[in-house]
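Structure first, then comments.
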Amino acid sequence: MAARFSKRLVWNDGNYADKVFHGMLDRNADSYCSMIRGMVKYNASAKAFELYNEMQDKHMKVSVEAYNSLIQGALDIRESYTEKWKLMELLLKQMKVEGVKPNLETFNIVLNAQKRMGGIGRKLSLQTVSEMVALGIEPSLGTYAHLIAIFYKPTLPPNDMLYDIMDEVDGKHFTIHDSADMRFFLDAMSVCERLRDLDLAHRVNNLLNTGENYKLLGNQVMKAAFYSKLFSLICQLDTPERSEERRVGKECRSRWSPYH
């Protein structure tokens, strides 16, 4: 069977959107922002920043969606982690100056970028989440999936990040915001497997079965991998005593809880 390769999106100069934009007699902020988003999506981040600079010169207000695209595009036009972060930080500061409030997507894009910044990224990610919470923005499962990716790299020693995350999300109901949300459960169970912590694995599984969170488990391959890891942990670490304890506890909760 031939291997499948994802086709890289490319921005072609003189394409239809390009012609329409340059043919407009009165280009407003909306038209600039739409072009910026399209250029970043089609891997023309340098061109997107040229339009952004034009907007700044014309004192046009940039939308939060366009800023999100520019923050993402900053990864492509700078070489070192330090340079990438400086540009992202500059954009975030300019958002504040213009009164453009960042949203959930803004912070998730920043966290996604910080995954590639090593130790600097780990330190910055905690500041990012703190600022996010301070603005009253509720983290999504994708937010936590980014934190797992940042703190549980193969080269790093075990840490308590997933325990802290579970303390925050236990019993909560989640809805999908972006594709990163679908990574959380499998990545969390992979960490449980690495830590060889069955109790933590059961907490992750309980969260999955809270409300309609199961809809965020992902495709069939991800579902199979999740349950394979959970079953493997149970086979390795479970005991008859632990199984009976959970059975009795579940029976008591079912009998006495007002929610059953």
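The values are calculated or read from the model by the stated rules, or taken from the named source; none is laboratory data. Keep in mind it's a predicted model, so treat the numbers as computed, not measured. Cβ atoms come from the backbone with ideal geometry, glycine included; neighbour counts cover every protein chain shown. These accessible areas exclude ligands, DNA and RNA; they are computed on the full protein's heavy atoms, side chains included. Shrake-Rupley method; radii C 1.70, N 1.55, O 1.52, S 1.80 Å.
Couple of notes before you dig in:
- Of Met95, Met161, the order by accessible heavy-atom surface (1.4 Å probe, DNA, RNA and ligands excluded), from most exposed downward, is Met161, Met95.
- When the pairs Lys84/Lys153; Lys19/Lys101; Lys19/Lys41 are compared against a 26 Å limit on Cα-Cα distance, Lys19/Lys101 fall above it.
- For Thr210, solvent-accessible area (1.4 Å; no DNA, RNA or ligand), Å²: 30 Å²
- Shown here: the range 120-240, whose C-alpha atoms stretch 46, 33, 25 Å along the first, second and third principal axes, sorted largest to smallest.
- Area of Tyr214 that stays accessible when all protein chains are in place (1.4 Å probe, Å², to 10): 110 Å²
- Computed over protein heavy atoms with a 1.4 Å probe, the accessible surface of the chain works out to 60 Å² per residue.
- Among [x] 6, 24, 28, 22, 12, 6, 2, 0; [y] 7, 30, 39, 20, 4, 0; [z] 6, 25, 26, 18, 12, 7, 4, 2, 0, the entry derived from the coordinates for P(r) over Cα pairs in 10 Å bins from 0, in percent: [x]
- Sequence-distant aspartates and glutamates (8 or more away, or on other chains) whose Cα lies within less than 19 Å of Lys115: Asp76, Glu79, Glu83, Glu89, Glu105, Glu131, Asp160, Asp164, Asp178, Asp181, Asp187
- The angle between the Cα long axis of helix 240-256 and the main principal axis of the chain comes to about 80°, on a 0 to 90 degree scale.
- In sequence order, calculated HN-Hα J values of the range 101-113 (Karplus, 6.51, -1.76, 1.60; Hz; x Gly/Pro): 7, x, 10, 4, 4, 4, 5, 5, 5, 4, 5, 4, 5
- Carbon/sulfur fraction of accessible area - the range 1-139, other protein chains in place, 1.4 Å, %: 52 percent
- Residue order for Ile120, Ile137, Ile71 - accessible surface, 1.4 angstrom probe, largest first: Ile120, Ile137, Ile71
- Peptides 203-209, 39-45, 232-238 ranked from most to least packed give 39-45, 203-209, 232-238, packing being the mean of other C-beta atoms within 10 angstrom over each peptide's residues.
- Tilt relative to the chain, helix 118-134 - C-alpha long axis, 0 to 90 degrees, to 10: 90 degrees
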